[in-house]
1. Test GLY64 against the stated conditions and say whether it is in the same structural domain as ARG189 (by TED's automatic domain parsing) and within 16 Å of the ligand (Cβ to nearest atom).
2. Take the conditions among the aromatic types (Phe, Trp, Tyr) and within 21 Å of SER66 (Cβ to Cβ) and apply them to PHE216. Does it pass?
3. Return the residue satisfying two criteria in turn: it lies in the range 1-53 and is charged (D, E, K, R) and assigned to a loop (DSSP other than H, G, I, E, B), and of such residues it is nearest to GLY305 (Cα to Cα).
4. Quick check on this structure: which one of VAL187, VAL183, VAL197 is of a type outside the set (Ser, Thr, Tyr), farther than 30 Å from GLU22 by Cα and touching a strand residue (DSSP E or B) at 6+ places or on another chain (Cβ under 8 Å)?
5. From the residues in the range 72-124 that are touching a Cys at 6+ places or on another chain (Cβ under 9 Å) and near the ligand (Cβ under 9 Å from one of its atoms), which one is nearest to TYR202 (Cα to Cα)?
6. Being in contact (Cβ under 8 Å) with a residue 12 or more places away in the chain and polar (S, T, N, Q) is the filter here, so list the residues in the range 15-37 that pass it.
7. Report whether or not MET245 is modelled with pLDDT under 95 and either within 12 Å of the ligand (Cβ to nearest atom) or on the phi < 0 side of the Ramachandran plot (or both).
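The values are calculated or read from the model by the stated rules, or taken from the named source; none is laboratory data. Everything numeric here is computed off the predicted structure, so don't read it as measured data. Please note: Cβ atoms are built from the backbone with ideal geometry, for glycine as well, and neighbour counts cover all protein chains shown.
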Amino acid sequence: MSRNIIPLSLGHPDPETLLTPELRKTMLQVINSPDAHTTLQYGTEQGTRSLIDFLVGKIQREQGLSLQPANLMVIAGSTHGVDMLARLYARPGGVVLVEAPTYVDAIHVFRDHHVELCSIPMDENGLIPSELEKQIVQLHSSGVFPSILYTIPNFHNPTGSTLSEARRIEIIRIAQHYGLLIVEDDVYRDLSFEGAVPASFYALADGQQVFSIGSFSKTLAPGLRLGWLVGTEEAIQHCVNCGTMQMGGGANPFVAHMVAEYCQSGSLEKHILRLRSLYKMRCNVALAALSQYMPSDTKWTCPAGGFFIWLSLPENVFAQEVKRLALQEGVLVSAGEGFFVNPGDGKHNLRLAYSCAKPEEIKAGIRILAQVIEKSRVEPNPRIS
Ligand SMILES: Cc1ncc(COP(=O)(O)O)c(C=O)c1O
């Protein structure tokens, strides 16, 4: 008999939020419309115009930016954007800077492009600007000039932290001084619990030396494989001209057309409001359970949005052992190692995702996890006398 596993591991949206009646209705409308066949043809390289127009309007409204359609292109999800930017802007053998910890698949994508990764320390408030500058100066002094800073400024994966506006401004100063391109992966921006999110790097830098990436994966559905890239007109044109976009006929034109119809009907805004309150409630359940059950020497972050809480375990508790024992008890969590360029840096960390588990599962899962943490403490070796 198979036991139900409590899923506190994957950073996926709750499956029950995916096929809403509004999305199903739009899908059927698009398929049944008399010109459905035209949306199944190769699309334009920059992407489906109706979706570009919707996104430009949404970003202008929400971020007070003056954006033109030429500043935005449609991509097949954030991962596609990161891959394309690594291909176009990182030199093979060169260095890309990432946060420590960072999104595990970004590490994977950059490594596919044969770049060296150098990680910059974070604290509970995100990337530390002085550490960034220290690393760049050190690299420059040995003749190494990093090309890209990849950062997740809002509701960070895996830590849940959000970078303050003051830090963003300081990071822009550093990036501009040392000729670094900032790639902000902003896939969780819409999932703020309280509404207000600091201005994006793109807004604060007036677009200079910044690409901003958005995605429908965390709100609408990851299976749509749809996102967007914002940059200066020249930078977007450079991306539109790359081989895969020229050859590929734009990113997912059929899906982009369908999502544009869905968004124009006002359904996206309503859906996002529902998601915010759903994930806020789950996050609060998780935080209350952590306070109730965790040993006093275990620490955790308090996210203001997104999917994740980051745990710092006591020195004598190892994440892999906790993960193994927790799974035996039916709870799936992510050990910290995979989120670091130097895996050893995450041996005392766990990532908890509250997005896919029901409130009662979150509570039960964290209670079990707390017991496992106590059980897995490694006692110091007795002194040999
Ligand atoms: C920071 C970050 N970027 C990108 C992605 C993946 O986005 P997409 O599905 O749009 O490729 C994730 C998903 O976990 C993520 O956490």
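1. On the way: in the same structural domain as ARG189 (by TED's automatic domain parsing): yes; within 16 Å of the ligand (Cβ to nearest atom): no.
Criteria not met by GLY64.
2. Working: among the aromatic types (Phe, Trp, Tyr): yes; within 21 Å of SER66 (Cβ to Cβ): no.
So PHE216 does not fit the description; no.
3. Of all residues in the range 1-53, those charged (D, E, K, R) come to 3, 14, 16, 22, 24-25, 35, 45, 49, 53.
Narrowing the set further to residues that are assigned to a loop (DSSP other than H, G, I, E, B) leaves 3, 14, 35, 45.
On the way: ARG3: 31, ASP14: 15, ASP35: 40, GLU45: 33 Å.
Only one residue fits best here, namely ASP14.
4. Numbers: VAL187 fails: farther than 30 Å from GLU22 by Cα; VAL197 fails: farther than 30 Å from GLU22 by Cα.
Residue meeting the stated conditions: VAL183.
5. First, pick out the residues of the range 72-124 that are touching a Cys at 6+ places or on another chain (Cβ under 9 Å): 73, 75, 81, 84-85, 87-88, 95-98, 124.
Retained after the next criterion (residues that are near the ligand (Cβ under 9 Å from one of its atoms)): 75, 81.
Working: ILE75: 18, GLY81: 15 Å.
Among those that are touching a Cys at 6+ places or on another chain (Cβ under 9 Å) and near the ligand (Cβ under 9 Å from one of its atoms), it is GLY81.
6. Hits for the range 15-37 are THR17, THR20, THR26, GLN29.
7. Values: modelled with pLDDT under 95: yes; either within 12 Å of the ligand (Cβ to nearest atom) or on the phi < 0 side of the Ramachandran plot (or both): yes.
Against the criterion (modelled with pLDDT under 95 and either within 12 Å of the ligand (Cβ to nearest atom) or on the phi < 0 side of the Ramachandran plot (or both)), MET245 qualifies.
Residue-wise test of (1) of a type in the set (Phe, Trp, Tyr); (2) touching a strand residue (DSSP E or B) at 6+ places or on another chain (Cβ under 6 Å); (3) surrounded by fewer than 15 Cβ atoms within 10 Å (Cβ to Cβ); (4) closer than 30 Å to LYS358 by Cβ.
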| position | (1), (2), (3), (4) |
| --- | --- |
| LYS25 | no, no, yes, yes |
| ALA36 | no, no, yes, no |
| TYR42 | yes, no, yes, no |
| MET73 | no, yes, no, no |
